[in-house]
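Presented below is the structure to which this report refers.
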Amino acid sequence: MNYCSKDLYVISLISWKYINSGKWLTMKLNLQQKLKSYGDTYWNFEKIKRDGVHKIANYPAMMVAPMQHKLIEDVINMEGNISNIFDPFHGSGTTLVEGNRFGLDLIGIDINPLANLITKVKLQGVNKDTIYNSNEELLLRINKYREKMMDLHYFEKIGKWFRKDVIHDLSIIRRSIIDEKDKRNREYYWTCMSDLVRKYSNTRSSTFKLHIKEENKIKIMENNIIEDFICAVENNVNSFDTPKSNSKLLIQGDALDAMDKMEANSIDFICTSPPYGDNGTTVTYGQFSILSLLWIDHKDLSISSDELIKNFSAIDSSSLGGKINPVISKSDDIPSEVLVNLLKTISIEKQKKIKNFFHDYFIVIQKMIRVLKPGHMMVLTLGNRRVDNTEIKLDEITKEFCIKNGLEIEAEIDRSISRKRIPKMVSRIENIGPVQSMNSETVLIFRKGESV
């Protein structure tokens, strides 16, 4: 055998192994190469602005829709066996909306009732047969209630968070929405109202946490809330896609509990961005949402427990890492050497919160692996926050844990998040000053082994 024929023999042997291994190695190379082929800065999506259905309501740390669309598109095209997509932390619904555009069956979970409502409205749209007539009647009701005395809405500490004139006008809008007979249109109106509740509240806009503005800023705030609401209702109505006929399952609840009810090996594709830490010290989704939730008629919300709205921090304390778990006392109990080493540089008091979060985080990742079909992919978009100015390397910790639990790395992307809607400064450390929030993310794409 000469060298040429020997080389051909080796190539043929390798090709035979690739074919008989069910495209594993070729997929691994092809997906990474495909994602990298767009260029080093492509995945930053720096010049992209939210448009269409994605702009109907604000929400913290929203995913970049074109990025999710492209990730889903590339994976679908290369796999060819995906009929459903699952996001266990769906937030404002970006991933599910983009999955809907490919005609996939949708499954989503979020503990936040406001996130659940926003996502539901984005996916179901409005009733096109009645919406324009509903808008006209809504305006008539608003004008009617402006001219007559009416009972004002009330909840505990409402006077702390809203000026009297704002309470009056929001009460008019609220009453006018409640009177709408069409449920889809009514839910759409609540979503339009949700942004304005926070805009005209007495809380600062520079943070997602509830912090009272300076008194002079509260006094000089111009009240255009009714005009802004009418404008939002009229402008957003044409933002919706035509709803697809595929199935949609949105669950408002704790992902840890909800996934226990899902069938093992039932999901074709998981695509999500899990929390980067406990809500209380990273992004306070609950505090951002609670004022809106207290204005929305609870008959139009999915709320798994009234405990979630009993106080301003209940949603955050019910999220990953917010509950009191058995404290991990020994390093041997932590399934990540990366995490063990990082904890050595952090104060004992703050170690407790980190351990508490990862207690829940590792469980939720295991449950995601359980519901994913063997041979299928899971895409995780992750960011590394800082504690005591130490970078918590969530990407490395996740990679280490997933590999130990039967997943293989399929591809990896690093991207800038200069435009992501998170505060620039998230904490202050004594003798150091304010600590910058994360400005980059890592996208990890895993494949579940056939034997897991």
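The values are calculated or read from the model by the stated rules, or taken from the named source; none is laboratory data. On a predicted model such as this, the values are computed, not experimentally measured, just so you know. With ideal geometry, Cβ positions are generated from the backbone for all residues, glycine too; neighbour counts draw on all protein chains shown. For the accessible areas, the whole protein counts, side chains as well, though only heavy atoms, and no ligand, DNA or RNA atoms are used. Shrake-Rupley method; radii C 1.70, N 1.55, O 1.52, S 1.80 Å.
Could you please tell me which pairs satisfy a Cβ distance under 7 Å, a separation of 6+ or placement on different chains, a first residue in the stretch 64-81 that is closer than 21 Å to residue 448 by Cβ, and a second residue that is hydroxyl-bearing (Ser, Thr, Tyr)?
Here the result reads 68/94; 68/95, each pair linking the stretch 64-81 to a residue that is hydroxyl-bearing (Ser, Thr, Tyr).
In the stretch 416-448, which residues are of a type outside the set (A, V, I, L, M) and at pLDDT 95 or above? Spell out how you get there, then give the answer.
Keep residues of the stretch 416-448 that are of a type outside the set (A, V, I, L, M), which gives 416, 418-421, 423-424, 427-428, 430-431, 433-434, 436-437, 439-442, 446-448.
Residues satisfying the conditions are 441, 442, 446, 447, 448.
Taking the condition of being farther than 13 Å from residue 86 by Cα and open to solvent by 30 Å² or more (accessible area, probe 1.4 Å), how many residues in the stretch 265-280 meet it? If you could, list the steps in order and put the result at the bottom.
Initially, the stretch 265-280 is screened for residues farther than 13 Å from residue 86 by Cα, giving 275-280.
Next, from what is left, pick out any that are open to solvent by 30 Å² or more (accessible area, probe 1.4 Å): 276, 280.
Within the stretch 265-280, residues that are farther than 13 Å from residue 86 by Cα and open to solvent by 30 Å² or more (accessible area, probe 1.4 Å) number 2.
Looking at the stretch 193-211, is at least one residue exposed (fewer than 15 other Cβ atoms within 10 Å of the Cβ), among the small types (Gly, Ala, Ser) and without any contact (Cβ under 8 Å) to a residue 24 or more places away in the chain?
yes
Among the residues of the stretch 58-81, count how many are of a type in the set (Asp, Glu) and open to solvent by less than 20 Å² (accessible area, probe 1.4 Å).
Here is the first cut: in the stretch 58-81, the residues of a type in the set (Asp, Glu) are 73-74, 79.
Remaining after also requiring open to solvent by less than 20 Å² (accessible area, probe 1.4 Å): 74, 79.
Count: 2.
Please verify whether residue 223 is buried (at least 19 other Cβ atoms within 10 Å of the Cβ) and not charged (D, E, K, R), treating the condition exactly as stated. Break it down into steps so the answer makes sense when it comes.
Working: buried (at least 19 other Cβ atoms within 10 Å of the Cβ): no; not charged (D, E, K, R): yes.
So residue 223 does not fit the description; no.
Taking the residues in the stretch 115-162 that are among the β-branched types (Val, Ile, Thr) and over 30 Å from residue 215 (Cα atoms) as candidates, determine which candidate is most open to solvent (accessible area, probe 1.4 Å).
Let us first name the residues in the stretch 115-162 that are among the β-branched types (Val, Ile, Thr), namely 118-119, 121, 126, 130-131, 142, 158.
Adding the requirement that they be over 30 Å from residue 215 (Cα atoms) leaves 118-119, 121, 126, 130-131.
Numbers: 118: 1, 119: 0, 121: 0, 126: 5, 130: 45, 131: 0 Å².
In this case the residue turns out to be 130.
Hey, could you check the stretch 228-257 for residues that are acidic (Asp, Glu) and open to solvent by 90 Å² or more (accessible area, probe 1.4 Å) and say which is nearest to residue 291 (Cα to Cα)? Walk me through it before giving the result.
Quick first cut of the stretch 228-257, residues acidic (Asp, Glu) only: 228, 234, 241, 254, 257.
After this cut, where a residue has to be open to solvent by 90 Å² or more (accessible area, probe 1.4 Å) as well, the list is 234, 257.
On the way: 234: 23, 257: 26 Å.
By that ranking, first place goes to 234.
Among the residues of the stretch 51-94, how many are under 17 Å from the mean Cα position of the chain (by Cα), assigned to a helix (DSSP H, G or I) and either of a type outside the set (S, T, N, Q) or under 19 Å from residue 447 (Cα atoms) (or both)?
The qualifying residues number 10.
Sort out for me the helices (runs of 4 or more DSSP H) sitting completely within the stretch 112-175 that have 2 or more residues that are among the aliphatic types (A, V, I, L, M) and touching a residue at least 24 places away in the same chain (Cβ under 8 Å). First the steps, then the outcome.
Numbers: elements: 113-124, 131-146, 158-161.
Helices (runs of 4 or more DSSP H) meeting the threshold: 113-124, 131-146.
What do you reckon, is residue 369 farther than 30 Å from residue 174 by Cα and touching a Lys or Arg at 6+ places or on another chain (Cβ under 7 Å)? Lay out the reasoning, then the answer.
Details: farther than 30 Å from residue 174 by Cα: yes; touching a Lys or Arg at 6+ places or on another chain (Cβ under 7 Å): yes.
Considered against the rule, which asks whether it is farther than 30 Å from residue 174 by Cα and touching a Lys or Arg at 6+ places or on another chain (Cβ under 7 Å), residue 369 comes out as yes.
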